[in-house]
Amino acid sequence: MRKSNPNKPENKLENDAGYDDSRPSKSLVKRQMTALQKTGQALADMPMDRLKRSPAGPALLEAIREYQRTRSHEGRRRQLQYIGKVMRNEDGELLEKWIAGETLDQRLDVTRMHAAEQWRDKLIEQPTLLAEFIRAYPVALDTDLHTLIRNARNEKEKNKPPKSARELFKLIKSWVSVPGDPAAPVEGEEEDGLDEGTQE
């Protein structure tokens, strides 16, 4: 039987076969790499102006910038793998939390945009709803919405560029609230599908 040397520290987590169990398994490393690549993919799909506000380091931002410049499928696949490697030096948990927050902000922004589109279309079609809108958003009293709505109606009737409609949309979007606002248009109503709605 081999005698232990009291002057030599024993290997930590050494099993009977002499292997060091403290090293992560290949499957664990693969799962971690896959998770990093998924996080990297989520970041790479975001506009760079948003990413600049993220906790991502300069090396990761540059890797994502190169990914977004790449057009070939194979080139993007390789760059995404590289992004996963770069992310080993990043705080993955912090980035995931930031992504979750950004995603929520984006959903809320889309919701506000749709609410603004519905209010704009309703006010143009039925200007009498302006009083209801002002009751819901008193800040609108400081703006001459009567003139803006009248001009938007004239533009629509004469098939002119929707300059006033776009301005009306921007104003309403800055006032409308998030989902659950009792003053927002009734959920489930279909939109007109006006082209102006995509030209805010």
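Strictly over 18 Å apart at the Cα level, which of Lys52/Lys85; Lys38/Lys97; Lys52/Lys170; Lys30/Lys85; Lys30/Lys97 would you flag in this model?
Going by Cα-Cα distance, Lys52/Lys85; Lys52/Lys170; Lys30/Lys97 fall outside the 18 Å limit.
Please work out the FRET efficiency for the pair Arg107 and Ala42, using the Cβ-Cβ distance as r and a Förster radius of 22 Å; give the result to the nearest 0.05.
It comes to 0.95.
Subtracting the Cα-Cα distance from 0.36 nm times the residue separation, let me have the gained length for Arg88 to Arg135 in nm, one decimal.
Difference between extended and current length: 11.6 nm.
Hey, got the dipole for segment 108-175? About the Cα centre, +1 on K and R Cβ, -1 on D and E Cβ, debye to the nearest 20?
Taking the Cα centre of segment 108-175 as origin, the dipole is about 200 debye.
Looking at Gly75, Leu95, Met33, which one has the Cα that reaches farthest to the positive end of the dipole of segment 33-115 (charges on Cβ: Lys, Arg +1; Asp, Glu -1)?
Gly75
Calculate the spin-label point distance for Arg65 paired with Lys52, positioning each point 7 Å from the Cα along the beta-carbon direction, and give it in nanometres.
For the pair Lys52/Arg65, the computed spacing is 1.0 nm.
Using a 7 Å offset from the Cα along the Cα-to-Cβ direction at both Lys170 and Val29, what is the distance between the two label points in nm, to one decimal?
5.5
All of the numbers you see were taken from the coordinates with simple rules; none came from a lab. In this text the structure is predicted, and so the values were computed from the model without any measurement. Reconstructed Cβ throughout: ideal geometry from the backbone, glycine too, with neighbour counts over all protein chains shown.
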